[in-house]
Amino acid sequence: MLANWLKESTTTVVFTGAGMSTESGLPDFRSAKTGLWHTKNPQQLASTYALKHNREEFVAFYQYRIRTLLECQPHIGHTILADWQKRGIIHQIVTQNVDGFHQQAGSTNVVELHGTLRTVYCLRCKQTYDVKRYVDEQFECTCGGFLRPSVVLFGESLPSFAIDQAWTAAQQADLWIVLGSSLQVSPANELPVIAKRSGAKLVIVNMEPTELDDWADLTIHNRKIGDVLQEIDHALR
Ligand code: APR
């Protein structure tokens, strides 16, 4: 069914969450046993509060996430999505992920709602550096300011250009496919509902049930995204 919808659709948007990257080796946040937030406290580690008042733990947490990220690669699912974009099967990717795997796999004009873990920037002069600086324990800008990852922390708002692009995509899509998100974090989790309300078909592919399953025209649970995408890709050949 989904292969047919992809063929019929003129504006397909793929909306990804951390479940898109677990098959690359990156843990997600809320999976029952392995989610990061089951062992770590996001408010204590990934928030504006942590950046200000808990800097040592903040830096250690992001060094851990950056080291893990640099050991991982996009998987076949990212490659299929990039190929589908080139073939005009999908038109846009909106992601909550900060790993940059969609771009590494060849996807273009990816909307990164929650920023990126691929760079850090200076709190004082906003100069941006490659994230390897953190791995090399260099936390200071040449101006002396503190360097922080270019991700959206809890307590911060999303980049306005990302909001504009994502909300426009949700209003224009005729097919909105969620891949690997529990859909528990706002405002990102408003997008599938906006798409649905604007007339799109909504598909949710997620190992576990999500908060928005009742809105979906099709849900695919208990299957790995990589397998689902390969099966559909085969049907589209
Ligand atoms: N195939 C299918 N689904 C998967 C797979 C997989 N291989 N691996 C994990 N999942 C599902 C899990 O069942 C889970 O419901 O992906 C979902 C990931 O949900 P979360 O861990 O909540 O991640 P996400 O929805 O992206 O979180 C949103 O929360 O902490 C913030 O900023 C962070 O962007 C993140 C936001």
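The values are calculated or read from the model by the stated rules, or taken from the named source; none is laboratory data. Because the structure is a prediction, the values reported are computed rather than measured. No Cβ is skipped: glycine too gets one built from the backbone with ideal geometry, and neighbour counts run over all protein chains shown.
Just need a number here: residues in the stretch 182-212 that are charged (D, E, K, R) and away from the ligand (no atom under 11 Å from the Cβ).
Final tally of qualifying residues: 4.
How about the stretch 1-54: which helices (runs of 4 or more DSSP H) wholly inside it have at least 3 residues that are farther than 24 Å from G155 by Cα?
Where helices (runs of 4 or more DSSP H) fall fully within the stretch 1-54 and carry at least 3 residues being farther than 24 Å from G155 by Cα, they are 2-8.
Out of the residues in the stretch 23-40 that are near the ligand (Cβ under 8 Å from one of its atoms) and touching a His at 6+ places or on another chain (Cβ under 9 Å), which is farthest from H75 (Cα to Cα)?
Applying the filter and picking the extreme gives A32.
To keep it simple, each residue is scored yes or no on (1) modelled with pLDDT under 95; (2) out of contact with any Phe, Trp or Tyr (no Cβ under 6 Å at 6 or more places or on another chain); (3) under 22 Å from A169 (Cβ atoms).
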{"residue": "L2", "(1), (2), (3)": "yes, yes, yes"}
{"residue": "T11", "(1), (2), (3)": "no, yes, yes"}
{"residue": "V14", "(1), (2), (3)": "no, yes, yes"}
{"residue": "T22", "(1), (2), (3)": "no, yes, no"}
{"residue": "S31", "(1), (2), (3)": "yes, yes, no"}
{"residue": "T34", "(1), (2), (3)": "yes, yes, no"}
{"residue": "Q44", "(1), (2), (3)": "yes, yes, no"}
{"residue": "Y64", "(1), (2), (3)": "yes, yes, no"}
{"residue": "L69", "(1), (2), (3)": "no, yes, no"}
